[in-house]
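Notes to accompany the following structure.
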Amino acid sequence: MLNATPARAQRQSRPIWVRGATLVDPVAGEEGGTKADILVRDGQIAAIGEGAAAVRAPDDAEIFEASSLIAIPGLVNAHYHSHDALLKGAFDVMSLERWAVRALPRYFPPRSDRELRLRTLIGAAECLRGGISTVQDMLSLWPLTSRQAAIVRDTYRETGLRVVLGLQLADTGPLDTIPYLRDILPADLAGIVAGPPPPPDMPAPVAELEHILAELPAEPNDRVTWAVCPSSPERCSQALLARLLEIARAHSVRLFSHVAISRVEAVGARMLFEAHGGSPIRYLDSIGALGPDLTLAHGVWLDDDDARLLADSGTRLVMNPMSNLKTRNGIAPYRRYAESGIRPGLGCDNCSCSDAQNMFQAMKFSVLLAGIAGRSDDGPGARDSLRAATADGAHALGLDTTGRLSPGFKADITFLDRDDPVYRPLNDATRQIVYGEAGRGVSAVMVDGRFVVRDRKLLTIDEDALADELAELMPAVLREAEAVRARAERLDPYLAEAEARSWEVDVGMTRMACE
């Protein structure tokens, strides 16, 4: 079994003097980058300036020569799911509804502790190598147990990644959320779309969630903290949603949920939330769910009134352009959100419906896709996108002391190799990061004041040992995935018909060029 080196899991004890880096902080407006030194002490950025005198570097400081590096705030992957990290590349383009019955944990047998640990490690390794210092992992455990939740938490602690670890719950299935499906699906297939019954000894999910938050609390200054995740307004009964709101607030943890991902969901919302004008946002507002302690992922099929309500309430939003395209959901209206006063974060979403935890891809997609919504060249632009992937993403996670290169902020820093051809010549660092970088240039990553990647080597995970263990595990995983796929194929004609009927409904907005 893989083990992290204990000494590596501790915060850096000596101060670090980062010398001569090219700094790019989108909030500060340093578009092209300025040369400066950074003093890191006790997990924080203690000072920034030009030269040792400016940063008052102590005699015992470790010197990190960064004259050939660009320093940016550590990237924040503000919406991620680790539970399908072993299914990357398993699916081609398909609708969200078809993908879900092939990939979500409830369609698989309960997973072993070993698999849980390995998939957490491989996901964390990809994130860190890609310059990501922070993730919000909306984790589905089937069944939800405190033992397996503790395994994921402890594994993350070893990796050095900063994580807001959310436990996802739902009590309403596809037959009650996908429009028309119950009417057209043969009775003998209802069990497939609902998923296997829970194990007989499965603890009550809500009670287990309360136990986890009470018995496994985050330690002070812990890089791994808990969150509560009602899956979506459609997939949670009002009673469950109200209880999860109550639990989150009692334990002072954030809430995360999905909202308005696909056009099918938009049609379903018109039926399920008819009393609220067909809007999941107005429904959430009616039960007191909106506010700064709630973050919603996706928001593709929301209208201008929804956006204003989100902005006025301080509710936070995360866009996921790559997965939305691959699952044929459309394009979130980035420009409209910005104009409404929302500053969305960015995420990479599931490993099996975007296939890459790559925030450089997410940044570039978010800017370029906004052009489909109109011809205006007023934005969003490269600086907006880099801010969405750093400071705004951190804000969406309630981590307002991360996401900046500024004294007093956490020392979460990603270093890019400015000798890479992408940066030669270096005309504008921000634009070249967003439009040119793909992750190849990531040279080092610091989280909480210690290096977790240095000289392109991941320091907290033995990747060779991880590869060996995965090779042993994957044949069984792929056999089970094939069985799930074969069952799901029986549903495809009926899901396709439900989708076709949904496309005939006017939802009052367009999010696809073909509409």
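The values are calculated or read from the model by the stated rules, or taken from the named source; none is laboratory data. Not measured: the values here are computed from a predicted model. Here the Cβ positions follow ideal geometry from the backbone for every residue, glycine too, while neighbour counts run over all protein chains shown. Side chains included, ligands, DNA and RNA excluded: accessible areas come from the protein's heavy atoms. Shrake-Rupley method; radii C 1.70, N 1.55, O 1.52, S 1.80 Å.
Couple of notes before you dig in:
- Amide H contacts of M319: H298, G345, L346, G347, each under 5 Å away and 5 or more positions distant or on a separate chain (H built 1.01 Å from N in the peptide plane; Pro and chain starts excluded).
- Unit charges at the beta carbon, dipole of the chain: most positive-side option, I287, A66, L458: A66
- Look at the Cα gyration tensor of the range 272-323: its axes a ≥ b ≥ c give a/c of at least 1.5 with a/b at or below b/c, and that counts as oblate.
- Carbon-plus-sulfur accessible fraction, the chain (probe radius 1.4 Å, protein heavy atoms only): 50%.
- Accessible surface of D183 - all protein chains present, 1.4 Å probe, nearest 10 Å²: 130
- Remark: relative contact order (the chain) = 23 percent; criterion is Cα-Cα distance under 8 angstrom and separation of 6 or more residues.
- Cβ charges +1 (Lys, Arg) and -1 (Asp, Glu), total dipole of the chain, debye: 480
- Shape call, the range 344-494: gyration tensor on alpha carbons, a/c limit 1.5: oblate
- Working from Cα pairs under 8 Å separated by at least six residues, relative contact order for the range 41-124 is 27 percent.
- The range 321-431: C-alpha gyration tensor shape, a/c 1.5 cut-off, then a/b vs b/c: rounded
- Taken as entire DSSP H runs, the helices of the chain that both span 27 Å or more between Cα atoms along their own long axis and average -1.0 or more on the Kyte-Doolittle scale are 463-489.
- Counting only protein heavy atoms and a 1.4 Å probe, the chain has 38 square angstrom of accessible area per residue.
- Under-5 Å amide H pairs with Y80, H placed in peptide plane, nonlocal only: Q136, M138, D349
- Solvent-accessible surface of protein heavy atoms, probed at 1.4 angstrom with all chains present, puts T177, T155 in the order T177, T155, largest first.
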